[in-house]
Amino acid sequence: MSKRVSSRDDRKFRIATGAFAALVLLIVIGIGFELTRQSLLSIEKFGFRFWTGKTWDPVAGEFGALPFIWGTLYSSALALLLSTPIALGIAIYISELSPRLLRQPLSYLTELLAAIPSIVYGLWGIFVLVPLVRKLELATPDWLKAFPLFKGPPLGVGMLSAAIILAIMVIPFSSSVAREILKNVPAAQREAAYALGATRWEAIKVAMSYGKTGIIGAVMLGFGRALGETMAVTMVIGNSPQVAASLYAPQYTMAAVIANEFTEAADELYLHALIEIGLLLFVITIAVNCVSRLLIWSMKKRTIIARPAAPMLAPEAEAA
């Protein structure tokens, strides 16, 4: 009798937890459906031209989202380039090199950066970061300004300021996850490396190699965080809808244009165009996450395939 009751309880628990998992899928589908439904007018009028158009003119009723797509991807990619080495350095120091007395305070302070509101980062960017970037732009030599990457007026607000502030906001997310990955690497991996005569740095490389799929996941988590950031970027990027490679040029992002112009969208087509930008951001975010999962899956597959081909060694030597 007790076994039958236990089996029934297990089945109920499985159904309940399955329903919670299905709820996440339903929420994602519901968001996608509603965004599509609310942007049908823009989709029907512009089609794929909305993705490739560079003109954003609400008065003339002409809407193209390419400057916003470019600004979002460009600023996020730059933030990733700036933040990844710093985030990994923080994770390695806290998990591998830091004295035990400092580990907990450093971990707490790193995670505290993630709790600071976006608007506070934006205010700091306006009053501290933008003047510093303006000084850097003024100090840029004329021969360097001839390159497209450094063209533009020395305003301070622009792509460089947005990328730096995004990088600062992304660091705590990437470093926290990477730190946990390194902390959970089995001690046998490091011990095997030391047993083979490895240096401290070589042992750390072994640990990083063991947890590389998780570290890539941490980096992609930061990238996803950067894609959707709104207020801080809106305050320092300059909000000019143009496609430019320059770090100094004011540009625009998808989240920023929605935040700035949604309340002004009195025309129905204008409103649908802004919602379609939200749909594009939704699709791009899902695509980035799918690509990151595929990358992690392919790396795991290569690791599994490579292991049988390795020569027969002692477990410690093979792990190293």
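The values are calculated or read from the model by the stated rules, or taken from the named source; none is laboratory data. Predicted model, so just to flag it, every value in this text is computed and none were measured. No Cβ is skipped: glycine too gets one built from the backbone with ideal geometry, and neighbour counts run over all protein chains shown. We work out accessible area using only protein heavy atoms, side chains counted, and drop any ligands, DNA or RNA first. Shrake-Rupley method; radii C 1.70, N 1.55, O 1.52, S 1.80 Å.
Overview of values
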{"quantity": "Mean shadow area of the chain, taken as a quarter of the surface of its Cα convex hull (nm²)", "calculated": "25.1"}
{"quantity": "Neighbour net charge for SER246 - beta-carbon separation under 13 angstrom, K R +1, D E -1", "calculated": "+1"}
{"quantity": "Total charge dipole magnitude, the chain, about the Cα centre, Cβ charges on Lys, Arg, Asp, Glu only, Debye to nearest 20", "calculated": "1380"}
{"quantity": "Carbon + sulfur, % of accessible area of the chain - ligands and nucleic acids excluded, 1.4 Å", "calculated": "70"}
{"quantity": "Given charges at Cβ of Lys, Arg, Asp, Glu: the chain dipole, positive-most of LEU155, TYR248, LEU73", "calculated": "LEU73"}
{"quantity": "Long-range HN-HN contacts of GLU62 with modeled amide H, under 5 Å", "calculated": "ASP57"}
